[in-house]
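Student: If you scroll down you'll find the structure; I have some questions about it.
Rule-based calculations on the coordinates, nothing more; no lab input. Computed from a predicted structure; not experimentally measured. Here Cβ is always computed from backbone atoms with ideal geometry, including for glycine, and neighbour counts include all displayed protein chains.
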Amino acid sequence: MAKKPYYITTAIAYSSGKPHIGNTYEAVLADSIARFKRLEGYDVRFQTGTDEHGQKIEEKAKAAGVTPKAFVDGVAAQIQSIWDLMGTSYDRFIRTTDPDHEALVQKIYRKLYEQGDIYLSEYEGMYCTPCESFFTPSQLVDGKCPDCGAECKPAKEQAYFLRLSKYADRLIEHINTHPDFIQPESRKNEMMNNFLLPGLQDLCVSRTSFTWGIPVDFDPKHIIYVWIDALSNYITGLGYDVDGEPSPEFQKYWPADLHLIGKDILRFHTIYWPIVLLALDLPLPKQVFGHPWLLQGDGKMSKSKGNVMYADELADLFGVDAVRYFVLHEMPFENDGIITWELMIERVNSDLANTLGNLVNRTVSMTNKYFDGVVADTGASDSVDEEMKNTALSTVRQCIEKMEKLRVADTLTDIFSLFKRCNKYIDETMPWVLAKDETKWERLSTVLYNLVESITIGATLLSAFMPQTSEKIFAQLGSQARTMEELQQFGLYVSGNKVTAKPEILFARLDPEEVMQRVGKLHPPAEQADDGKQEEAVVDCPAKPEITYDDFMTMQFQVGEIIQCEEVKKSKKLLCSQVRIGSQVKQIVSGIKAYYKPEELVGKKVMVLVNLKPAKLAGVVSEGMLLCAEDAEGKLALVVPEKEMPSGAVIC
C-alpha cells in the first residue's frame, strides 16, 4: 500500500546575515513535524531554503565590497550549515538564485501578465527597505514601518501590480469554508478583520530602483518583486510547470499540507500567495500555521539590540538535542516563548539530566547489576504494572492527537510525563529492595523489563524531537525505534536481549556559574576606556529629513500627569494610561510594559504629544503618545520634566 504524501515547508530565510536562534526555531519546528509524520507512516517531503534577492541584499553586498551573488552564496551556505547542525531532515534546500527557480518565476510572471492579472501602473508611497514594502501614510505606525519599525522613505516609481481585488471574494469564501486554513484561530481573525474584509488594494510586484533580482523577461528594466519571486519557491521546488506538464513530484505533493511560517509574515502567505495560486488555477495549501516568536528575555531578538543568541553557540554549550528540546518545549501554541541562558541551564538540569538521563542510567545500571544486562519478562506482574503500561500506551495516543493539531510543546510535555511516570514506577517497586530477596527476583526482572519497554516507547516518540538522544537510548537499551503501529502494543521488547554494559550519561548536570562564565566570553561586556572608567554609551540615529519651524508648530506637546494605568489584555508589551492634560483626560496606549509596572506610573508627570490622530492598538483606542528615549539595546525610558511643572504646561 502506497504511503500517503505529506508536504511541509518553512518560510525561506532571508540571506542578509547569520540567522539567530529565533530564526532557527522554525527550521527545527518544521523538522520535528516532518519526523513525526514519517513515524506515522507518511511519505514526507520537507522543503526549506533561502530568499536571496532584493534591495537590502544589494546594499549589504556593496558595503561588503562583493557582488550580490558572492554575498548570498556565503550567507546561504552559513544558513544551510546551521540547519544541518540542528539536524533538520529537509529533502530540498532551495535558493531563489537556483536557475530552475528563476526560470520558472519568469514564466509564472509572464502567465499572470498575459491573462491580465498583472498590469503596469505607477506607485507612490512610503517605502521600507528592510521589508521591501510600500505603505500608505495611514498604514505607518508613528511614521514607521508597521511590520519592522524601520524608517520609511517617500518613493515613486513605475511598477507592475497584481490584481488582489479581483480574487478577494474567492479567498474570503475559501477561508470561511476551510476553518483550518489559517491557524491558530487568532491569526485568521487578524487577517480577515484587518486586511480582507476592509478591502484589498492591488499589490506592487516589480521594482526599478535596484537590479539584484529576477528581471521581468518582457520588460527587463523591472525586477520581479519578492512576493512572487520568494513565495513561488513552494511550487518551483516541486517542479511546477506553467505549460501544464508538472513533474511527478508536483503531482504527488501539491497542494502543500502545511506552510510553517512566523506570525509576522502571515499576510504574505495567507493573502498574497493564495491569490497568486488562484490566478494560476492551482489548489491552495491545506494549512498555513503562523507560529509565535522566540524572544530573548522580554524582547524580540535583533542585532541592533545586541541581544542575539545563535544556534551554533547554544549547541556548543548545551548540545544540539538540548537546544532542540528547549526551543520546541518552551514555545507555546499561540503566545511568544522566552529563551535565556539561565532558563536553558535550568531545563538541562531538571528535565534532561534528572528526569530523562537519570532514568535511563538507573535502568541500565540496575539491569547490569542484578541480571548481567539481560532483560527478561518473567510474568511476575503486579497491579502497579498495569498503570505503568496504560500510561505508556495512552501517551502514544495523546501525542498523535496533539501533533495533529501542531501542539508540539504539549506533545513534548506528555513524553516527559511518561518518563516521570517511569521514575515514579521505580520508587513504587523499589528494585533495590526486591534484589535483597531471592524469591522476588522474578518480580525484579519484570519490573526492569517494564521499564526498558516503557522507555523504548518514550524514546520512539522522542525521536521526532531529539533524534540523537533517542538513538543513544536505543543503543543503551538494546532496542530499536518502533513504528507507530507497533507503539500501540506493550511488550514488544524481545525478552532475553541485553542492555549495554556501560551506560552513557545522556546529559550531565551543568554548573550555572561555569556556563555563565563561558557565555561571558562569547559576549564580552563593552570595553573599558584607557582611564579604567567605562565610556558613556552614545546612540547615533539615522538623520530624518529636515523640517521647517512651521512643521514643528503643527505638533502640540504638553506635560501630562498619569492618573491611572493598567495592562492591556492580550498584549505582552502595552500599558493603557489615563493622562490628565490640563482640564482634559486622554487615554494613551504605550509599548512600555517591559520597563514599567502600572503602579509605578500613577502620579508621574510625563511629556505628551497631544494632537496625534487616535489609533487602535491591540483593540484599545490611543489618543496621544508618551515621549520616550530609546538606547542602543532598545530599552525605553519616559521623558519627564526636569523640574516640577503643572499638568498641561506647554512644551516648546
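Student: Near residue 498, which lysines are there with a Cα under 18 Å away, not counting those fewer than 8 places off in the same chain?
Tutor: 369, 472
Student: Determine the principal axes of the Cα atoms in the chain, then give the extent along each, sorted from largest to smallest and rounded to whole angstroms.
Tutor: That works out to 98, 71, 53 Å along the principal axes.
Student: Whole Å is fine, so just give me how far the alpha carbon centre of region 183-218 lies from that of region 1-70.
Tutor: So the separation of the two Cα centres works out to 20 Å.
Student: Given a cut-off of 24 Å, name the pairs among 286/569; 573/616; 570/635; 107/252; 389/420 whose C-alpha atoms lie farther apart than that in the structure shown.
Tutor: 286/569
Student: Still on this structure: Taking only C-alpha pairs under 8 Å that are 6+ residues apart, what is the relative contact order of region 343-488 in percent?
Tutor: The value is 31 percent.
Student: Would you mind calculating the relative contact order of region 549-651 from Cα pairs under 8 angstrom and at least 6 residues apart, reporting the percent as a whole number?
Tutor: Rounded, it is 32 percent for region 549-651.
Student: Continuing with this model, one more query. Residue 616 to residue 115: FRET efficiency via 1/(1 + (r/R0)^6), r the Cβ-Cβ distance, R0 45 Å, to the nearest 0.05?
Tutor: Efficiency, from the Cβ-Cβ distance: 0.70.
Student: Just from its helices, what would the mean residue ellipticity at 222 nm be for the chain, if runs of 4 or more DSSP H residues each count -39500 (n - 2.57) and the sum is divided by every residue, rounded to the nearest 500 deg cm²/dmol?
Tutor: Taken over the chain, the calculation gives -11500 deg cm²/dmol.
Student: Here's another thing I want to ask about it. Excluding same-chain residues fewer than 8 positions from residue 221, which lysines have a Cα within less than 16 Å of its Cα?
Tutor: Partners found: 156.
Student: Under the definition of Cα pairs under 8 Å and six or more residues apart, what whole-number percent is the relative contact order of region 1-123?
Tutor: 30
Student: What's the magnitude of the charge dipole for region 343-488 around its Cα centre, counting Lys and Arg as +1 and Asp and Glu as -1 at the beta-carbon? Answer in Debye, nearest 20.
Tutor: Dipole about the Cα centre, nearest 20: 380 debye.
Student: Taking the Cα centre of the chain as the origin and placing charges on Cβ (Lys, Arg +1; Asp, Glu -1), which of 204, 135, 464 is farthest toward the positive end of the dipole?
Tutor: 464
Student: Could you tell me what fraction of 2.2 N^0.38 Å the Cα radius of gyration of region 343-488 comes to, as a two-decimal ratio?
Tutor: 1.04
Student: Would you kindly give the portion of the calculated P(r) for region 333-378 that falls above 17 Å, as a percent of all Cα pairs?
Tutor: Of all Cα-Cα distances in region 333-378, 56 percent exceed 17 Å.
Student: Oh, and also: Quick check on region 549-651: what does the Kirkwood estimate of hydrodynamic radius come out to from the alpha carbon pairs, in Å?
Tutor: 13.9
Student: Under unit Cβ charges (Lys, Arg +1; Asp, Glu -1), what dipole magnitude, rounded to 20 debye, does region 549-651 have relative to its Cα centre?
Tutor: Magnitude of the dipole: close to 480 debye.
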